[in-house]
Amino acid sequence: MSVRIDVRISTGPAADALGRLADAFEDATPIMRAIGVGLRENVHTRFEQEKGPDGQAWSPVRRDYAAEKRGPGILREAGIRGGLMGSITFEADRRSVEVGTNKVYARIHQLGGTIVPKTGDRLVFNIGGRTVFARSVTIPARPYLGIGPEDEETIMDVIDGALDRAAGRT
């Protein structure tokens, strides 16, 4: 059994507030943009804290790699080359927001996996000032995209703020 109650308010402050609310959500692009800004900032925070959306710590980098790398490495590198963290962006429209990156190596860091040579029988790279030859390299998952508790809170804060503004409470 279901019950439906229709309330119609045609005059007064409540009607004005409902009208502003309807206008605000007819095209929610500004709200979606605000959500995108907040989610992108949450992803940046995850990079800095080296944890996934669920709060789980990332696997540490290998000691030999950590000893050689300068600066924050490929995940957090900034500047013109930009690392994965710097490439996080979002696209918003009237009904949705998408957060992501266009870096070709993004997937392997998000999901983890094994890299094998495309040609030849070995991968070749430098670690610690020495050339390394390997049949494969396994990279552990270091998830950075996804919706965790902080993201849910961000989304709700933005929506609550939009509702308050639409209702004239701020």
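Just need a number here: residues in the stretch 85-116 that are assigned to a loop (DSSP other than H, G, I, E, B) and hydrophobic (A, V, I, L, M, F, W, C). Matching residues across the stretch 85-116 total 3. Scan the stretch 141-170 for residues that are in a loop (DSSP other than H, G, I, E, B), touching a helix residue (DSSP H, G or I) at 6+ places or on another chain (Cβ under 6 Å) and not aliphatic (A, V, I, L, M) and the total you get is 5. Could you list, in sequence order, the residues of the stretch 106-140 that are touching a helix residue (DSSP H, G or I) at 6+ places or on another chain (Cβ under 6 Å) and within 30 Å of residue 37 (Cβ to Cβ)? Scanning the stretch 106-140 gives a single hit, 139.
Being of a type in the set (Ser, Thr, Tyr), more than 24 Å from residue 110 (Cβ to Cβ) and either modelled with pLDDT under 85 or touching a Leu at 6+ places or on another chain (Cβ under 6 Å) (or both) is a property that holds for residue 170.
If you go through the stretch 48-74 and pick out every residue that is hydrophobic (A, V, I, L, M, F, W, C), outside any strand (DSSP E or B) and either modelled with pLDDT of 90 or more or touching a strand residue (DSSP E or B) at 6+ places or on another chain (Cβ under 9 Å) (or both), you end up with 2. Condition (residue is polar (S, T, N, Q) and surrounded by 13 or more Cβ atoms within 10 Å (Cβ to Cβ)) applied to the stretch 116-134: is it met by at least one residue? No, the conditions are met nowhere in the stretch 116-134. Here residue 82 does not qualify as of a type outside the set (Lys, Arg), assigned to a loop (DSSP other than H, G, I, E, B) and at pLDDT 90 or above. When residue 94 is tested against the conditions (1) touching a residue at least 24 places away in the same chain (Cβ under 8 Å); (2) exposed (fewer than 15 other Cβ atoms within 10 Å of the Cβ); (3) out of contact with any Ser or Thr (no Cβ under 7 Å at 6 or more places or on another chain); (4) under 26 Å from residue 44 (Cβ atoms), the lone failure is (3). Close Cβ contacts (under 7 Å, 6 or more residues apart or on different chains) running from residues in the stretch 117-140 that are part of a loop (DSSP other than H, G, I, E, B) to residues that are of a type in the set (S, T, N, Q) and surrounded by 10 or more Cβ atoms within 10 Å (Cβ to Cβ) comprise 136/114; 140/59. Just checking, does the stretch 99-114 include any residue being modelled with pLDDT of 90 or more and more than 18 Å from the chain's Cα centre (by Cα)? Yes, the conditions are met somewhere in the stretch 99-114.
The values are calculated or read from the model by the stated rules, or taken from the named source; none is laboratory data. Here the structure is a predicted model, which is why all the values come from computation and not from measurement. Every residue, glycine as well, gets a Cβ built from its backbone with ideal geometry; the counts of neighbours run over all protein chains shown.
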